[in-house]
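What follows is a set of notes on a single structure, which appears directly below.
The values are calculated or read from the model by the stated rules, or taken from the named source; none is laboratory data. As the structure is a computational prediction, the values presented were derived from the model and not from experiment. When we count neighbours, we look across all protein chains shown, and the Cβ atoms used for this are built from the backbone with ideal geometry, even at glycine.
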């Protein structure tokens, strides 16, 4: 009888242990899910932060590029106006210079072909 009682006690203890393990596993699974959700939220927030930072860099680069372009266009316009003014002031001299440059370039290019 004592051994039957001991067996019943062991069975009861094993059943209790099994239930405790199931409960512990469920609780641990839930805790891990919560931690995973928390990590996901942090990663999403960091990703959004990085995206905003990249957008700021892009906007800044675009603004600088536009400024450089506008500055270069303005300088080109000034140079063009300067050349036009000089040609209008001295049309004969400008034509002679252009002809001379053309002849020299023609000779250089013709010499390369030989």
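For the condition exposed (fewer than 10 other Cβ atoms within 10 Å of the Cβ), in a helix (DSSP H, G or I) and on the phi < 0 side of the Ramachandran plot, residue 80 does not qualify. When you look at residue 109, is it out of contact with any helix residue (DSSP H, G or I) (no Cβ under 6 Å at 6 or more places or on another chain), assigned to a helix (DSSP H, G or I) and at pLDDT below 95, yes or no? Yes: the conditions hold for residue 109.
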